[in-house]
Amino acid sequence: MEIRRAFVYTVSQLTQEIKDLLGEHFIDIWVEGEVSNVRIPRSGHIYFTLKDRWSQMRALIFKQQARDLPFTPEDGLHIICRGRMSLYEPRGEYQLVLDYMEPKGVGALQIAFEQLKSRLEAEGLFDEERKRSLPIVPQRIGIVTSPSGAAIRDMLQIVHRRFPNVEILIYPVRVQGAESPLEIAQAIRDLNALGDTTEVIIVGRGGGSLEDLWAFNDERVARAIYESRIPIISAVGHETDFTIADFVADMRAPTPSAAAELVVREKAQLLRSIGSLDLRMMSCMRQHVEFLRGRADRARKGLIDPRKRAEGFFKHLDELSHRLTSGGHRIVMGAQNRANSLREKLLYRNPRERAGEYGSMVSRLARDLSGAIQRRIWQTENQVKQLVSNLDNLSPLAILKRGYSITRKYPSDEIVKDAGAVTKGERVKVKFHRGEILCEVEESGLP
């Protein structure tokens, strides 16, 4: 039986017709689902899988459309998106090409806020250790805000009332709209470029919706605040409004008016504080002077008249002289008595006995004296040997014997302890155990 064949498609032809059918019937559709398997290559396009409980499909949003998204798609995020169906011919896979997406249940701006906040916090832009204190009495204040808003009028009024001598430098910018983040960031950089003439900067605006305040949630503004050398106060919206600028700034003020009060102390109150400190300082000085005067009086009473001290020395000298005279007299009398007794013994005893007795006495005295002298010599020799040993151990010459050397600058003879202390071309003198040499430095600072 002969089989009659219908038209036979090639794979490419069939794929193309399916692609055309999808493009004709699913041009502008809304789809809801959960994001997973997000992938963002260098091209900037965002690829992911959109799924629900029973099915899934591939989806993508091109770089141009992704650039307008206030947030970045993440795994697990439930979204509502708009786009068209297409088919990727090389793999025969259908996919959803998106033009727009938004989170379901939570606003896109809120998600973008949380994403940027987490990323900048991880980079250390919110660290409290890097934040600086405000000047006590600033001479010039920079204000970055809209020149036509109520915020600037409130701040100027408060500053003028509290301290009219302060100089205000207003840098006008737009505080909402697509171009406002760039203007605010540039204003902060320009004020820093002026040098140290501006001591503190207030960046802010009045209240509004999340969309109105969004310029202060921009990453460019956050990094400009972080890079500022001048302390910055963030004063955006009302007390319940929080922006990324608040977390990065050195100080957050709940409102622009509060920022003006924080940065400028009331002049009258400051003068009262200075007066109080002046009184305390004078009181402390008087107390210290009285304390020193009392010490001087006590010291003066404790001093003795030099003449009285001399009289005391003279009396003591007379007493010592008397004691010396009396002691000498007693010594002379005792020697005289011993001589008389010896003379009597010599007169009434046999000369031979006396000679033998005297000989024994002399021999005994000679032995005792010789032994004492020998012991004293030994003690002295031991002491000298110990001192010589100690000197030898401490002598730098003993260290040189072990192969070390001493380097001095020439001709100043300053000892060199660090290789970085000499420069190339400088002359040094090196002393060894035997002799010394003169050298010229070829390299300096070597480890």
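The values are calculated or read from the model by the stated rules, or taken from the named source; none is laboratory data. Predicted, not measured: the structure shown is a model, and the values here were computed from it. We place every Cβ from the backbone using ideal geometry, glycine too, and count neighbours over all the protein chains shown.
Observations, loosely collected:
- Of the strands (runs of 3 or more DSSP E) lying entirely inside segment 332-447, those carrying at least 1 residues that are at pLDDT 70 or above, more than 44 Å from the chain's Cα centre (by Cα) and of a type in the set (A, V, I, L, M) are 436-440.
- Residue count for segment 194-222, restricted to those that are within 29 Å of the chain's Cα centre (by Cα) and surrounded by fewer than 17 Cβ atoms within 10 Å (Cβ to Cβ): 6.
- The set of residues from segment 119-148 being part of a loop (DSSP other than H, G, I, E, B) and among the hydroxyl-bearing types (S, T, Y) comprises S133, S146, S148.
- The residue of segment 40-55 that is surrounded by the most Cβ atoms within 10 Å (Cβ to Cβ), among those that are under 15 Å from E93 (Cβ atoms) and out of contact with any Leu (no Cβ under 7 Å at 6 or more places or on another chain), is F48.
- For segment 103-111, the criterion of being touching a Gly at 6+ places or on another chain (Cβ under 6 Å), within 30 Å of T72 (Cβ to Cβ), surrounded by 13 or more Cβ atoms within 10 Å (Cβ to Cβ) and of a type in the set (A, V, I, L, M) is satisfied by no residue at all.
- In summary, E93 fulfils each of the numbered conditions (1) exposed (fewer than 13 other Cβ atoms within 10 Å of the Cβ); (2) closer than 25 Å to D28 by Cβ; (3) not assigned by TED's automatic domain parsing to the domain that holds D20 with the single exception of condition (3).
- Filter result for the condition that a residue is assigned to a helix (DSSP H, G or I), touching a residue at least 12 places away in the same chain (Cβ under 8 Å) and in contact with a strand residue (DSSP E or B) (Cβ under 6 Å, 6 or more places away or on another chain), over A151, A112: A151
- Residue within segment 68-88 that is touching a residue at least 12 places away in the same chain (Cβ under 8 Å), of a type in the set (V, I, T) and assigned to a helix (DSSP H, G or I) present: no
- Test result for R82, in the same structural domain as D28 (by TED's automatic domain parsing) and more than 18 Å from D52 (Cα to Cα): no
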